[in-house]
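A short worksheet on the structure shown next.
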Amino acid sequence: MLKDKVAVITGSARGLGKEIALMYAKNGAKVVINYSSDSSKDNAERIVQQIKEMKREAIAIQADISNHIEAKNLIDEAAKAFGTIDILVNNAGITKDMILLRMTEEEFDRVVAVNLKGVFNCTKHASRIMLKKGGSIINMTSVIGLAGNIGQCNYAASKAGIIGFTKSAAKEFASKSIRVNAIAPGFIETDMTDVLPETIKENALRNIPLNRLGYAEEVAKVALFLASDLSSYVTGEVIRVDGGMAM
């Protein structure tokens, strides 16, 4: 489905980004793994090796995508390595949860810088390359950006901002054959949720009509759809992958 397409996936050394990277590689894409710090380097290189074992091409590039210059370097290095960029998945994101009255300015600013400004940075740089022949940009938002959540004003604001950004960018780039869509995952089983107490998981299940947590692969399948020609007439859309949680 993605034969010889070049995909850049931010924050792909673990979690949803990793699963999307592997899904894309399985479907023929050349993949750029992005990681932000030295502590993630080994994970990133292991994923590159996994992809190479599939007889696909992959490289790992370190960049803090909240930094405009580092984000540009990521895109430039990816294009230099593979000649172009066809797919950008703005997946990198962080949380710094705290109730609003106790949330520090740094906690708010850092989450918005990574989750929202990072999307702006990478989209701005990658879209210049995509102008030549079109492409697909996929932004990872969240059901929290749709519904809000106690203790996550910073995260909810950043994810809601991504939805507005997605719709605006979709309108701007439509005439250039660049599609821009968003995925809003719900409660997905990842490294982050594995460490949560069972009581929190049980409370979450009460609000999920399908009565189970989602799997990272289920999010990756939607990312594959949006990256492929199967979604050639889809742009400006926000697709929830949440088991009905935010209906």
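Each value in this text was obtained by applying a stated rule to the coordinates, not by laboratory testing. Note that the structure is predicted; figures quoted are calculated from it, not measured. Cβ: placed from backbone, ideal geometry, glycine included. Neighbour counts: every protein chain shown.
Taking each residue as 0.36 nm, the span from Met1 to Ser175 lengthens on full extension beyond its C-alpha to C-alpha distance by 60.3 nm. Here is what passes the span test in the chain: the DSSP H helices with alpha carbon length of 20 Å or more along the helix axis and a Kyte-Doolittle mean of 0.0 or above are 153-173. Calculate, in whole percent, how much of the Cα-Cα pair population of the stretch 26-66 lies beyond 15 Å. So the portion of pairs separated by more than 15 Å is 38 percent.
With R₀ set to 45 Å, the beta-carbon distance separating Asp191 from Lys132 gives a calculated FRET efficiency near 0.75. Taking the DSSP beta bridges with both ends in the chain, the antiparallel portion is around 0 percent. Exposed loop sites here mean trypsin sites (Lys or Arg not before Pro) with a DSSP loop assignment and at most 15 other beta-carbon atoms within 10 Å; the chain contains its longest site-free run at 56-131. For the cross-link pairs Lys41/Lys221; Lys3/Lys117; Lys96/Lys117; Lys72/Lys132; Lys159/Lys201, the ones whose C-alpha atoms lie over 20 Å apart are Lys41/Lys221; Lys3/Lys117; Lys159/Lys201. What do you get for Rg/Rh of the chain when both radii come from the Cα atoms and Rh is the Kirkwood radius? So for the chain, dividing Rg by the Kirkwood Rh gives 0.95. For the stretch 1-138, the spread of Cα positions along the three principal axes, ordered from largest to smallest, is 51, 32, 24 Å.
Normalised by the number of residues in the stretch 56-203, the mean separation of alpha-carbon contacts (under 8 Å, six or more apart) gives a relative contact order of 24 percent. For the stretch 59-146, the calculated P(r) over all alpha carbon pairs, in 5 Å bins from 0 to the bin holding the longest distance, is 3, 14, 22, 22, 16, 10, 7, 4, 2, 0 percent. Across the chain, the relative contact order, built from alpha-carbon pairs under 8 Å that are at least six residues apart, equals 19 percent. The alpha-carbon of Lys30 sits under 18 angstrom from the alpha-carbons of these aspartates and glutamates, leaving out residues fewer than 8 places away in its chain: Asp4, Glu19, Glu45, Glu53, Glu57, Asp76, Glu77, Asp86, Asp229. How big is the gap, in Å, between the Cα center of the stretch 50-92 and the Cα center of the stretch 160-183? Cα centroid to Cα centroid, the span is 20 Å.
Value of Rg to Rh for the stretch 109-247, rounded to two decimals, is 1.00; Kirkwood radius and Rg both from alpha-carbon coordinates. Comparing Val234, Val143, Val180 in a Gaussian network model of the chain, where Cα atoms under 10 Å apart are tied by springs, the biggest mean-square fluctuation is seen for Val234.
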